[in-house]
Every structure is written in structure tokens, then in C-alpha cells.
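S.K.: Please see the structure below; I have some questions.
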Amino acid sequence: MPRPHDRHGRPLGVLRLSVTARCNLACPYCCPDDRDPPDLLRLEERRLLVESAVGLGVRTLRLTGGEPLLDGRLEDLVAAVRPMRHRPSDDPRGRLNTIALTSNGQLLTGDRARRLRQAGLDRITLSLDGTDGAAVARMAGLRGGEAVGGSVLEKVLEALDHARAAGFDPARGELKLNAVILRGENDHQLLRLAGLARRQGVELRLIEYMPVGNRNGWSEAQVVRSAEMVERIADRWPLVPMGRPAHGTAGRWRYRDGGGQLAVVASVSEPFCGDCDRLRITADGIAYTCLFATSGTDLKPWLRPDGGRAPDPRALTRALGNLWRGRADRWSEERLAAERTGAAGSRVGTAERAEMAYLGG
């Protein structure tokens, strides 16, 4: 099947597949659920979804949650899709280039990291929003203050070590660190996070606080914009711009002193809707064509046909292709345009949107 393009000419390139909506942290910008939705997809159904998406042009699979390491069969899923990476470049079924994972690192033991690497995982991005116990506890939504936050921080640092030991090389972009920055909450940690990432030799990806869902009480006043974050860090460690790659989510810089690289995801202040190529599928099989969408498409009718019939992979691929061709989402660009014309209030908070943990971020 020809690679589909949406109504704005954007190809499909990345599949973000959530394996659970649950999380063992309670970050206030994400507001995860404490239970999974009913009708979670089974392993073979997830594999079929990836197969169909790869046939439509997906080259990167990112496994997300909630917290994906809560899924005890995560390694089985990675192993099940790994053969798609070893196809010839001209294989009509398509070829997957990268299998990635986003995690908070709390369950990434040395054994788990090795098993994931052996199963075929290529990249891990860990999340950390502070460098001291009090800040980490606050940003993780945990009671117990500094002691509890210190334990979370320690586990993330251990997870970085475990990932390196398992073969995830930060110099090749296989191990990175995410941090969501909120004004008045953890923006005082900005330089400390950059310093920690430099010492660890990993790329830090700073993320603007986004108005995803309706639970997190998003306020534009709490957004620390990309330009400000870069300026504050560059005042301490001069930066050289590297630009934003096509279809990428982050603008990137390198430290002039050779201390590594920095990236900023500026969904609020500098939207990248124009070349967004991401499809999100939730743990219960609902496809969303935008992180800020108000509704999705249930794929279970193609995965679990009536009458107990076997799934029809071709029909599933057609359904996904048609969904993508009908895509017209550019919510962040529209929100920013409304803001500039003084109508921003009409763009945010007026419609129920799916929550970040359900969508997989």
C-alpha cells in the first residue's frame, strides 16, 4: 500500500504505542490513572498494529505508558516486532528502523535493561524533573518530601548506569533524559538538570509544560518557553544551535565546550504541527492523530472481528491508512495563532481532551 499522507501532506513516520495507562508516579503535568482501561490489547494485537503501521511508513516505534515497565510482557513485545527491523530496505511490507522506550526509570533494574536490549530495544529515554529530593517529590506528585524524592532520584541515576551497562550508548543517542519544566515548581532546577546531564554524558531534553487533557490545571503562566530555557543555560554554558530535524519534536543545540547536546521540545511556543508525523495508539487500541485530540478511533473492530473471526491484517492496514489520510490536526499552531490574535482563551480548556497518560505522551 502506498505511504499515506494526511490533508496537510504529512507522511506517517512514528508510532507511539502505549502499553498501559498506569504509572507508579503521579506527576501533576501528566495525571496518570491508577488502573488500566478495560479491554487491554493482547500481545499479538499489538504486534499486528505495529505491522500495519510499518506497512504504511512508520519507521520508529516508541513504547510508552503510563509507565511501560509495569507491563511484564514488554520484552515479549519488543522481541515480537524486532524481525521487522531486519527486512530489506525494499521489502513491500516496510521496515522498522528503531524501537524506543520512554520510562521514569523506577523499575529499570540491571536485569531488565539487559533483557530489553537482548529483545531488540534500541533507545531509552528516562524522565527526571529535578536534582534534589524535594523537587523530585514535588514534580513526581509524591508525599513524603525529600526522603521519598531522594529515593526516586537515586533510582533514575541507577537506571542510567544500568542502561549504559546493558549497551545503550548515550554518544549514539541511545540514552537520553527528559525533564518537564514548570515555572514556580522546578524552573529553579534548570541549570542543575543541565549540569547533571553534562556530568552523566546524556542529552537533556527539556519539555515545555503542555495543555494536554483537562486534569492538570494547565496555565500559560507556568510555561517556561524554549527561548528562555536556552538563554538561561547558554549564559552558563554557551550553546551552538543545530536546528530541528525534519519531523523532529525538539530543537537541538550543542555545548561549545564539547559538553554534549541539549534539546528543547517547544510545543507551546514554537509548534511543529507542520511536519508532525506521529500516530498514537492507546493501551486499549484507540488511535489518536494528535496529542491534543478530543476523540480517537477504536481499532478493536479490526483486531477482534465479530463472530470470533481472525483479524484481517489488510483491513486493519486500510483502516489505519484511511484514518491518516483524513487527518487535519494542527491544534498547537491554531492555539498559538489564537493567542496572537487575542482569542487564546477560546482554544484552551473548552473541550474534553484525552489525558496524557492515556495517550502515552
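S.K.: Can you list the residues of region 111-140 with backbone N under 15 Å from a point 7 Å past the Cα of Arg215, pointing along Cα to Cβ?
M.R.: 140
S.K.: Another question, then. So how much slack lies between Arg87 and Arg143, counting 0.36 nm per residue of separation and subtracting their Cα-Cα distance, in nm?
M.R.: 15.3 nm
S.K.: Mind sorting Ser332, Ser151 by how few other Cβ atoms lie within 10 Å of their own Cβ, fewest first?
M.R.: Ser151, Ser332
S.K.: With just the Cα atoms defining each centre, how far is region 224-290 from region 74-131? Give it in Å.
M.R.: 21
S.K.: So what is the calculated 222 nm ellipticity per residue for the chain, using -39500 (n - 2.57) for each DSSP H run with n of 4 or more, over all residues, to the nearest 500 deg cm²/dmol?
M.R.: Calculated mean residue ellipticity at 222 nm is -9000 deg cm²/dmol.
S.K.: I need the calculated FRET efficiency for the pair Ala246 and Arg42, taking r as the beta carbon distance and R₀ as 35 Å, to the nearest 0.05.
M.R.: Step by step, r from the Cβ atoms, then E = 0.50.
S.K.: Would you mind checking which residues have amide H under 5 Å from Leu239's amide H? H placed 1.01 Å from N; only 5 or more apart, or other chain.
M.R.: Counting only residues 5 or more places away or on other chains, the set is Arg256.
S.K.: A further question on this structure: Would you please give the FRET efficiency between Ala328 and Glu352, computed as 1/(1 + (r/R0)^6) with r the Cβ-Cβ distance and R0 = 25 Å, to the nearest 0.05?
M.R.: Efficiency, rounded to the nearest 0.05: 0.80.
S.K.: Can I ask one more? What are the residues whose amide H is under 5 Å from the amide H of Leu101, where those residues sit 5 or more places off or on another chain and H is modelled from the backbone?
M.R.: Leu63, Arg123, Ile124, Thr125
S.K.: Let me ask another. In the chain, what percentage of the DSSP-assigned beta bridges are antiparallel, given to the nearest 5?
M.R.: Percent antiparallel among DSSP bridges in the chain is about 30.
S.K.: What are the ³J(HN,Hα) couplings of region 317-328, residue after residue, when phi is run through the Karplus curve with 6.51, -1.76, 1.60 and θ = phi - 60°? Round to Hz, x for glycine and proline.
M.R.: Result, ordered by residue: 5, 4, 4, 5, x, 5, 4, 5, 5, x, 5, 10 Hz.
S.K.: Here's another thing I want to ask about it. So how far apart, in nm, are the two label points at Arg115 and Ala26 if each is 7 Å from Cα heading toward Cβ?
M.R.: 2.8
S.K.: Another one. Taking θ = phi - 60°, what integer Hz values does the Karplus form 6.51 cos²θ - 1.76 cosθ + 1.60 yield along region 286-302, in sequence order, with x for Gly and Pro?
M.R.: Using θ = phi - 60°, the values come out as 9, 8, 10, 8, 7, 4, 9, 5, 9, 8, x, 10, 6, 8, 5, x, 8 Hz.
S.K.: Give me the Å³ per residue figure for the convex hull around the C-alpha atoms of region 265-361.
M.R.: 110
S.K.: Now for a separate question. What list of ³J(HN,Hα) values in whole Hz, one per residue of region 217-234 in order, does the Karplus curve 6.51 cos²θ - 1.76 cosθ + 1.60 (θ = phi - 60°) give from phi, with Gly and Pro shown as x?
M.R.: Once θ is set to phi - 60°, the couplings for region 217-234 become x, 3, 9, 4, 5, 8, 7, 9, 6, 3, 4, 5, 4, 5, 4, 5, 6, 5 Hz.
S.K.: Once the mean 1/r over all distinct Cα pairs of the chain is inverted, what Kirkwood radius in angstroms do you read off?
M.R.: 20.9
S.K.: Work out the P(r) tail for region 95-179: percent of alpha carbon pairs separated by more than 14 Å, whole number.
M.R.: Here the long-distance tail beyond 14 Å is 61 percent of all Cα pairs in region 95-179.
S.K.: Taking the Cβ-Cβ separation of Leu191 and Asp257 as r and a Förster radius of 22 Å, what is the calculated FRET efficiency to the nearest 0.05?
M.R.: Computed FRET efficiency for Leu191 and Asp257: 0.90.
S.K.: Treating only the Cβ atoms of Lys and Arg (+1) and Asp and Glu (-1) as charged, compute the dipole magnitude of the chain about its Cα centre; round to the nearest 20 debye.
M.R.: Computed charge dipole of the chain: roughly 960 debye.
S.K.: Taking amide hydrogens as modeled 1.01 Å from N in the peptide plane, which residues meet the under 5 Å criterion relative to Asp39, leaving out close sequence neighbours?
M.R.: For Asp39, no residues qualify.
Read-outs throughout are calculated quantities, based only on the coordinates presented, and are distinct from any laboratory measurement. Here the structure is a predicted model, which is why all the values come from computation and not from measurement. FYI the Cβ positions are ideal-geometry reconstructions off the backbone, even for glycines, and counts take in every protein chain you see.
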